[in-house]
Amino acid sequence: MRNFEENRASRLKDTFGELRKKNKQSLWLSDSTWKPLQEYWASEKFKKMSAQVKKNRNSDQSDLGPSLHTCGSIPFSEQKR
């Protein structure tokens, strides 16, 4: 059940991100939900947080460029620790 909930949360986050970028209300969102979301996305608090997250995501680590997951999968024997 936990994997399902995490997956759904991730998909919902992605969906809201797309709606925000397109500035288009989905059919399943009521006006009473959409308006506060638009207000939050337009707020200085959100814009500041978004800029910081973008900066962190694009940070240069030891002149290697933006941070990427480059270690590959972790062997089962290491995950058990």
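What follows draws every value from the coordinates through simple rules; no lab data is involved. None of these values were measured; they are calculated from a predicted model.
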**OP:** For residue 54, list the aspartates and glutamates whose Cα falls under 20 Å from its own Cα; do not include residues on the same chain fewer than 8 positions away.
**Re:** 14, 18, 44, 63
Original post:
How long is the gain from residue 30 to residue 16 if the chain were fully straight, where each residue apart is worth 0.36 nm and the alpha carbon distance is subtracted?
Top reply: 3.7 nm
**OP:** Under a cut-off of 22 Å between alpha-carbon atoms, report the lysines in cross-link reach of residue 24, not counting same-chain residues fewer than 8 places apart.
**Re:** 13, 35, 45, 47
